[in-house]
Structures are given as C-alpha cells and as structure tokens.
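The values are calculated or read from the model by the stated rules, or taken from the named source; none is laboratory data. Note that the structure is a prediction, hence the values are computed from the model and not measured. Don't worry about glycine lacking a Cβ; one is built from the backbone with ideal geometry, like all the others, and counts go over all protein chains shown. Only protein heavy atoms, including side chains, enter the accessible area calculation; ligands, DNA and RNA are left aside. Shrake-Rupley method; radii C 1.70, N 1.55, O 1.52, S 1.80 Å.
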Amino acid sequence: MSVTLHFPIDQDVNDDKLLEHMQTWSEELKIEGYYISNPEAKTNDFWKKSGDELEGTLIAESDKNADQYLENGFDLVHDRSTQDELTTYFKQPGKSIQDLLDASNIRNEQIIQSMDFYDTDRFTHQFAETGSHPITYWKLALTYLLTIPNDTLVFQGSEIPLDGVKDDLSHHQLMNFLAGEDQLIRHMEKISNAYDDLPSLSKGKISILHADDSYLVFKRTFQNDSTIVAINTSQTQQKVDIELEEGLELRGLLKDDLARQNDNGTYTVAVDRESSNIFNVREDSGLYWPLIFIFAGVMAIFIIFAILMYRKNKA
C-alpha cells in the first residue's frame, strides 16, 4: 500500500517555506506523493520548481486547464470537468456515447477520471430517483474507467456500493467491511486480473472501433498483444462486425463468450443489454479435440446403455 497526501495549499504561505514543508513531509512519512486540490493557489513557476525538487508523484485536481498543469510540473491531473458527463451517461440507458468521448481525453495516460468524490453526492444515489439497479450501471462504469488509458480514482466504499449525499454528509460514511456487493466485487476482480495478465490493457494504445447506439467498442494494442472492450448501455443486445487479422479468436473474460472469424473475414462482437465484456484477442485455437472425444464417448456409452435396456425389456 502506498500513501498519497491530500495537501490543500494556503496561497498566503511563502513559496520557499511551503516547499520546505512539503519536502519535510515527504522525507519523514515516506509518502508516495501529493494530491493538490487547489493548484491555482500558486503560480506555474512554483509548480515547475516543486516538480523538479519533490520526491514522488505530484497530482493536481482541476475542472479546467488539465494540459497546463501537466506542462508545469504535475505528473497527473484529476480532471473533474468530465464527471458530469460520466454520471449522465452511466446512470440510465440509451445515452449517446459520443458526448462523453467528446468531453474527455481518454488517450492521455496522465489524466485521472472518477465517478464521484468526497465533495459530490455518491454515484449510487443517482438511482434513487430512476429506480434502476445501481450494480448494473456501476459495473458498466467501472469497465469503462478501468479499461481506458486514463487512470481511475475509485472513491472509498464504491465497491459496496455506498449511498449518500453531501448535504447531510451521508456520502462520506466510514467503511463497513462486513457489507459488500458480491457481483460488483467479483466484477472488479475480473477486470483487475485481466489488467494484470494483458499488457495491452494496462499499456496499450486505444483505437475506437464503434461508438454508436449506446454501444462502445474499442481496441487496446501493445506490441503483439491486443484486447477488445465492448460496453453496451442500451436496453437491447448490440453487435458489430469489426476487422482484424485473419486466423484469430476473441475470448470473453468477464462473460464466457467466443467469437471467431466470419465467412466475410470480419469478427462479430456481441454484448447483451446493459452489460460489458473484455475480449482477449489470440490465435484461433480451433476445435478442442479432448473435450469432443469425451463428449463423443459419453454419448456412445449412453446409446449402448439405451440399446441394452431396450433389448432387455423386449426379452
């Protein structure tokens, strides 16, 4: 476990004194880095100097000018400007994915995105009015956030998932380790395992293959490894034919599924309503003969047994 210190900045504090304090915290606590929630309190020159002299990762929180902070000393930026688009898209079916893609820079690995945070209502609370099941849409949102190149900030308690609003501070409850939603926890574990096993999912470049009808399909590629991610927020099954190299197969990791090359050379990526899947792209393994032989043997034994019973009853 690593610790990043949330460090609000007092603009009245002398720059040299502030930097000295930050260096002291870093040396004495061995922290991973700093999360600066109000970087506008200091100049770009100060952050450039901080980036050069401080150990660890420097993270800015901003609802604008993300690129500016990245150019001036920060390693990562928690971009709050896309949070509304994220919650709007994932809280109910049938929304246009293009609005979300236009509002966010998903190709930038230095950008952090989140569904909610300590100063917002919980994403789970969005469903109190719609009557929809929050687990369904949390799974879709997490598939998106954990598979695009952006970094992800998952606020504590989301895997339960906690409810609450900021007006009465119910959004910031203590963690209940005896509670939890098994579906959501298993979903996150599957994505985590895929992330660990597939370098394309953790380091690959992204290319959008389909973004229409509330159905997003994209590919992550790193060297010779490729992964296909499909997210369907609509209320009907969606499928699209995509073009890949010949002789491949797409094997589902979140849900057991298999797609092989069609007669016309394309591959069909299909996902059920309000669900998602991650497909490992690999060479076509062909027929699994051991399983076929076992199945054929069982069928042969059953047929022989049926014939023997028939003859015995007839006699």
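Data overview
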item	result
Those residues of the range 92-123 which are modelled with pLDDT of 90 or more, within 14 Å of Leu140 (Cβ to Cβ) and in a loop (DSSP other than H, G, I, E, B), in sequence order	Met115
Answer residue from the range 64-90, given it is aromatic (Phe, Trp, Tyr) and touching a strand residue (DSSP E or B) at 6+ places or on another chain (Cβ under 8 Å) and is surrounded by the most Cβ atoms within 10 Å (Cβ to Cβ) among those	Tyr69
Criterion violated by Leu308 - all others in (1) within 38 Å of the chain's Cα centre (by Cα); (2) modelled with pLDDT of 70 or more; (3) open to solvent by 100 Å² or more (accessible area, probe 1.4 Å) satisfied	(1)
Filtered residue count, the range 100-127, keeping only those that are polar (S, T, N, Q), open to solvent by 40 Å² or more (accessible area, probe 1.4 Å) and farther than 22 Å from Leu70 by Cα	1
Long-range neighbours under 9 Å by Cβ, at least six apart or interchain, first residue closer than 13 Å to Phe7 by Cα and part of a loop (DSSP other than H, G, I, E, B) within the range 18-32, second open to solvent by 90 Å² or more (accessible area, probe 1.4 Å) and not hydroxyl-bearing (Ser, Thr, Tyr)	Ile31/Trp25; Ile31/Glu55
Selection within the range 245-270 - outside any strand (DSSP E or B), surrounded by fewer than 18 Cβ atoms within 10 Å (Cβ to Cβ) and either charged (D, E, K, R) or at negative phi (or both)	Glu245, Glu246, Lys255, Asp256, Asp257, Asn262, Asp263, Asn264
Residues of the range 158-214 that turn out to be farther than 24 Å from Gln235 by Cα, of a type outside the set (Lys, Arg) and not in a loop (DSSP other than H, G, I, E, B), as a count	16
Pairs, first free of Cβ contacts under 8 Å to residues at least 24 places away in the same chain in the range 256-275, second hydroxyl-bearing (Ser, Thr, Tyr) and surrounded by fewer than 18 Cβ atoms within 10 Å (Cβ to Cβ), C-beta under 6 Å, six or more apart	Ala259/Thr268
Hits in the range 166-185 - residues which are surrounded by 14 or more Cβ atoms within 10 Å (Cβ to Cβ) and modelled with pLDDT of 85 or more	Lys166, Ser170, His171, Leu184
Within the range 280-304, tally of residues that are at pLDDT below 70 and farther than 30 Å from Val269 by Cβ	2
